[in-house]
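The next block holds one structure in the form of structure tokens; read it before the comments.
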């Protein structure tokens, strides 16, 4: 009987020891992941500060905000003095394409649309990855474990929508809300009898 209880205790101890070694391995892996993510964030922040402090490191910024090609066919109005963002980006794509290829041939409209779409996808990817890193750094929430970055995408979408609502409230309701919330004025010139 004593032998059986020793076997049970010995097997329990072995199981606990295995579980502890698994926990240690998991903790080591988590610590390694946190360290590498912190290093990534430090490098990213350092690069961002460098880019902010030295914006012209890649050369002088000589491309104007509105290129001549973007103005072709554009008729300015009293309220709209510049071409649309799409035509300005298309002009930039054409300019950079011609410079890169060493040709005078314009990029087709379909190709321009595809390039703009790729820019948009890369921007969304950057912001979702950056958001995942910041949330992990600040809250230790593992958003990076969500398939397809769905959590970060929803948070970005929610932030965009709330930002648009706040902008709309500021532009539409800013003056109206202060007038509506203030008490009615009494005519100071009238006399009470």
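The values are calculated or read from the model by the stated rules, or taken from the named source; none is laboratory data. What you see is a predicted model, and the numbers here were worked out from it, not measured in a lab. As a convention, Cβ positions derive from the backbone with ideal geometry for all residues, glycine included, and neighbour counts pool all protein chains shown.
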Could you pull out the residue among 145, 124, 81, 99 that is under 30 Å from residue 40 (Cβ atoms) and loosely packed, with under 13 Cβ neighbours inside 10 Å? 145
Report yes if some residue within segment 154-167 is modelled with pLDDT of 75 or more, in a helix (DSSP H, G or I), touching a helix residue (DSSP H, G or I) at 6+ places or on another chain (Cβ under 8 Å) and farther than 30 Å from residue 68 by Cα; otherwise report no. yes
Scanning for something in contact (Cβ under 8 Å) with a residue 24 or more places away in the chain and over 27 Å from the mean Cα position of the chain (by Cα), does segment 70-85 turn up at least one residue? no
Which number in (1) in a helix (DSSP H, G or I); (2) farther than 27 Å from residue 38 by Cβ marks the one condition that residue 130 misses? (2)
More than 23 Å from residue 116 (Cα to Cα) and either at pLDDT below 90 or exposed (fewer than 10 other Cβ atoms within 10 Å of the Cβ) (or both): is that true of residue 51 in this structure? yes
